[in-house]
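Throughout, read-outs are computed from the coordinates displayed, never taken from laboratory work. Bear in mind that the values here come from a model prediction, so they are computed numbers and not experimental data. Methodologically, a virtual Cβ is constructed for each residue, glycine included, from the backbone with ideal geometry; neighbour enumeration extends over all protein chains shown.
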Amino acid sequence: MSSRRPPALLLDLVLVVAALLDVWANVDSEDRLPRVCGLVAALALLLRRHRPLLTFAFTLPTALTGDAVFATMAALYTLSSLSRRRGLLAVCALTFAVSDFMPWPWTSLEVDELGETYTLVDITFTLATAAAPVFLGQLVQARRELSLRLAQISEAREQEQLLTAQAVLAKERAQLAREMHDVVSHQVSLIAVQAGALQVGSPDAEARAAAATIRRLSVQTLEELRHMVGVLRASGSRPTELTPQPSLTDLRRLIDASGIETVLETDLPDGLPPALQRAVYRTVQEALTNVRKHAPGATATVRIRHRGDTLRATVTNTAATRPALRLPGAHHGLVGLRQRAALLGGTVTSGPTPDGGHTLCLTLPADARTDPDRAEHAG
């Protein structure tokens, strides 16, 4: 875990204080010009991020007139960390070295045999002092650019992984679409054809009515399958809307098509959020499906009530009057209902009744607006 960097203004103020201390320690109080140059150089450091070259120019006189060179070195470091002009940096470093080496006021250098050695040492030290901020600034600039490149590479790699995952998902969705079209749609089409033949040829009125219901449901299922095949083949390449979602106005048609003798009691007001209407519809749909599968011959009662800030939908069925047939099922219906209710801040409960029947109850807050259908589609 990387440590947090101090604020830029605080760091600039620290550098200004350090430059002032350098002037106080290395410039004689009687030397007025070096002190003024040192003060100007220290204050100029506040401009170093926005005007690095101008800052260096303001700090150069303090290196020329005295021994306080901290401000000049800080300005040269900042210029080196922000500029890519190697020639300019070399000129600035050489100018700093000359200004720091030359005495003030300018006089001729007197070098004797013993002093020549110390002069060479002084020149070497001055050049090193001028080169160090440049090298350090260039190193910081290279590190900053390397970090940026690494971040860009990481982002590109994540994007590549996302595209790969999307390509795999598109392939799987296309394969699933082919299976649905070639197998499921074909089977449902045969069911619709056979039901139509039974509807026309059966002498029994009840059998014809049941065949008509089967044929109507098969046709409706085929339409939904075709739409879902289109959704799968789109593979995320363009926005694809789900089939128009049901509302409470579709409840009566759902009950009539269920083939179960059902009483509907509701007092819901108009204008309920679509998410609530869909949750109630799906709950009633699942409950009637379970009655048809597990309680043949039973009757059902659907009660939907709105009291205060709570909406409650209850589906109760009587005991079965004939044996139930074994039908395939994934046993995910109630799990899906509970997940849908949880998205809306509600609950789903179910259990047997004293007379051998079963009840399913959905409780929701009346102001719920989260849309589980769209959440599932987006996921």
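Measure off 7 Å from each Cα along the Cα-to-Cβ vector at Asp267 and Ile123, then give the distance between these two points in nanometres to one decimal.
Calculated label separation equals 10.5 nm.
Report, by chain and number, residues whose modeled amide H sits under 5 Å from the one on Ala298, excluding near sequence neighbours (fewer than 5 apart, same chain).
Thr321
So if we plug the beta-carbon distance of Arg226 and Lys293 into 1/(1 + (r/R0)^6) with R0 = 30 Å, what FRET efficiency do we get, rounded to 0.05?
So the FRET efficiency works out to roughly 0.70.
Could you tell me what a quarter of the Cα convex hull surface of segment 1-94 works out to, in nm² with one decimal place?
Values: hull surface 26.9 nm².
With the hull built on Cα positions only, its mean projection is 6.7 nm².
Once fully extended, how much extra length lies between Ala197 and Leu33, figured as 0.36 nm per residue of separation less the alpha-carbon to alpha-carbon distance? Kindly include the intermediate steps, with their values, before the conclusion.
On the way: separation 164, 0.36 × 164 = 59.04 nm, distance 11.22 nm.
In short, 47.8 nm is gained.
Report, by chain and number, residues whose modeled amide H sits under 5 Å from the one on Leu264, excluding near sequence neighbours (fewer than 5 apart, same chain).
Val302
Check Leu344: other-chain or 5+ apart residues with amide H under 5 Å from its amide H, H built from backbone geometry?
Distant-sequence amide H within range of Leu344: zero hits.
Regarding segment 8-154, what are the three Cα extents along the principal axes, ordered largest first, in Å?
Principal extents (largest minus smallest coordinate, Cα): 61, 33, 20 Å.
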